[in-house]
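**Q** Quick one: this structure, given as structure tokens, is what I'll be asking you about.
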């Protein structure tokens, strides 16, 4: 799984000149990026600092997480490791990624924190400690993030149970309940906060986890001086369901329904990165019709999610009516989705190598009616609400940040494009045939709440353009690839040959055996970039599934953006982020 240095790669050449070739090992994968093991972990900070200072630097920490390597069989020619930590960096100027890996011994599970280099590493490192028990030296506040404060064990370790039936009977006594409630009490000193200044005491206010303006089970503790926010602490984990752990017990096919529920408003759009990553592992090339059908469903769900975001944003600012109108429009979209897939919110309709079944008769008329309806309704939202002088005064200039700040916090989607960077995966790194579609990338330059919502409005218009092209140019052909993992053997052969019957039985009951390798796919989801990093160990289920979601870094950025603002500004800011907690907690 490894190869010698490719000295033609400019980054490899620069790393070799700086550190020498003996300190790195290049791993061959199906990830479409450079994957490098740093053989001496004390070099981690130097290597990352070097990559940040290149002429075309790696400016974003896209992801950071861990892998329990102890039960992995297919590790030929890789460094000895009980655990590993990986760092996924993105260079916007190069439009290239690099994945750095560090090998760790289970008797020495520690590595230097990079939170002073990338501020968004704070939560990622806390989550790795939470899930794997890996310590990050010099981290400012290494504590539980997704699990309760006094949780025992690290759930993503391979020796930690994956099913509830493997645990002892759970007993939640009054005593335990009291301890858990005590642990939830916020203590400012633990976060380096003062309880007051020389003149007065600060007030600490809990917003959430049950509050309509927190948009889900999300708690944020505010340190207030009157109405001014001195500081705040976002508190997540109330919606954590262990989606990555579940992937270790589900077959490659049976995990598809879970992907819909990572960001539950995105539906099929969240199936796309998982399906494409699995298809890379297998080497499946899907028919053109499959590509266009997947794009069509993805854009329908993009519009659906954006409509909810725009209308609830307007509601947060103070106007009620658009929400009711938007739900009428969303029902029309769901009618099209239901006619095609048989379901509405969570179709689980994409398949490895295709889609569940072909488009039904009349799909084109339903889509045509929808495309004739949506533009005029969208124009109404803009005229009636988004150009309202009160809404604009509440939004323009509020919670703004620069492109450098957005990149340092790992912001993607409309939040990044509102700072003037036109990074859209559908254009920069086309997948599923997006390179054959004509559409524009809306951008703005103020990076404030108003820019973020208006970009989403323009993105709906661009999605309508894409759907028009799907309507006019839907190709003929099969709806699935002619591949053993997608199409079962013919029924007559199953009844005649025992070998074919056995193959069919195993494919259906156990699921396909995916060749050992690693793959990665990012897509432009509804709220930013969503990605799946899959490790197969040559089994019927994933060895490691890492899900990187956009809402997670967006919430981590809140304290940096909102300090010095008013509580009323925070409500507008939260509405402009466009997040759901299932996308944060997974």
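**Q** Based on this model, can you work out whether residue 305 counts as assigned by TED's automatic domain parsing to the domain that holds residue 343 and farther than 30 Å from residue 394 by Cβ?
**A** Here the answer is no, as residue 305 does not meet what is asked.
**Q** Every residue in the range 402-453 that is surrounded by fewer than 18 Cβ atoms within 10 Å (Cβ to Cβ) and outside any loop (DSSP other than H, G, I, E, B), please.
**A** 404, 405, 427, 428, 435, 436
**Q** Turning to a different aspect of this structure: Give me the residue from the range 166-191 that is touching a residue at least 12 places away in the same chain (Cβ under 8 Å) and out of contact with any strand residue (DSSP E or B) (no Cβ under 8 Å at 6 or more places or on another chain) and, out of that set, surrounded by the fewest Cβ atoms within 10 Å (Cβ to Cβ).
**A** Per the stated criteria, the residue is 190.
This table checks each residue for (1) surrounded by fewer than 18 Cβ atoms within 10 Å (Cβ to Cβ); (2) farther than 22 Å from residue 245 by Cα; (3) modelled with pLDDT of 80 or more; (4) under 34 Å from the mean Cα position of the chain (by Cα).
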position: 498; (1), (2), (3), (4): yes, yes, yes, no
position: 503; (1), (2), (3), (4): yes, yes, no, no
position: 508; (1), (2), (3), (4): yes, yes, no, yes
position: 516; (1), (2), (3), (4): no, no, yes, yes
position: 530; (1), (2), (3), (4): no, no, yes, yes
position: 533; (1), (2), (3), (4): no, no, yes, yes
position: 538; (1), (2), (3), (4): yes, no, yes, yes
position: 541; (1), (2), (3), (4): no, no, yes, yes
position: 546; (1), (2), (3), (4): no, no, yes, yes
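**Q** Ok, one more. Looking at the range 352-366, which of its residues are surrounded by 22 or more Cβ atoms within 10 Å (Cβ to Cβ) and under 17 Å from residue 301 (Cα atoms)?
**A** 355 - this is the single residue of the range 352-366 that is surrounded by 22 or more Cβ atoms within 10 Å (Cβ to Cβ) and under 17 Å from residue 301 (Cα atoms).
**Q** Go through 131, 181 for me and flag whichever is assigned to a helix (DSSP H, G or I), closer than 30 Å to residue 249 by Cα and outside the structural domain of residue 409 (by TED's automatic domain parsing).
**A** Within the list 131, 181, the selection yields 131.
**Q** Also, I was wondering about something else. Looking only at the range 218-229, decide whether some residue is outside the structural domain of residue 142 (by TED's automatic domain parsing), part of a loop (DSSP other than H, G, I, E, B) and within 24 Å of the chain's Cα centre (by Cα).
**A** The answer is yes; a qualifying residue exists.
**Q** I'd like to check something: does the range 525-539 contain any residue that is in contact with a strand residue (DSSP E or B) (Cβ under 7 Å, 6 or more places away or on another chain), in a loop (DSSP other than H, G, I, E, B) and on the phi < 0 side of the Ramachandran plot?
**A** No - not one qualifying residue is present in the range 525-539.
**Q** Quick one: would you say residue 319 is under 22 Å from residue 453 (Cβ atoms), at pLDDT below 95 and outside any helix (DSSP H, G or I)?
**A** Answer is yes for this residue.
**Q** Return the residue satisfying two criteria in turn: it lies in the range 485-504 and is assigned to a loop (DSSP other than H, G, I, E, B) and touching a helix residue (DSSP H, G or I) at 6+ places or on another chain (Cβ under 7 Å), and of such residues it is farthest from residue 307 (Cα to Cα).
**A** Going through the qualifying residues, I end up with 489.
**Q** Can residue 260 be described as touching a residue at least 24 places away in the same chain (Cβ under 8 Å) and more than 22 Å from the chain's Cα centre (by Cα)?
**A** So residue 260 does not fit the description; no.
**Q** Here's something else I'd like to know. When you go through (1) buried (at least 18 other Cβ atoms within 10 Å of the Cβ); (2) under 24 Å from residue 577 (Cα atoms); (3) free of Cβ contacts under 8 Å to residues at least 60 places away in the same chain one by one for residue 202, which number turns out not to apply?
**A** (2)
The values are calculated or read from the model by the stated rules, or taken from the named source; none is laboratory data. What you are looking at is a predicted structure, and each value in this text was computed from that prediction instead of being measured. Cβ atoms come from the backbone with ideal geometry, glycine included; neighbour counts cover every protein chain shown.
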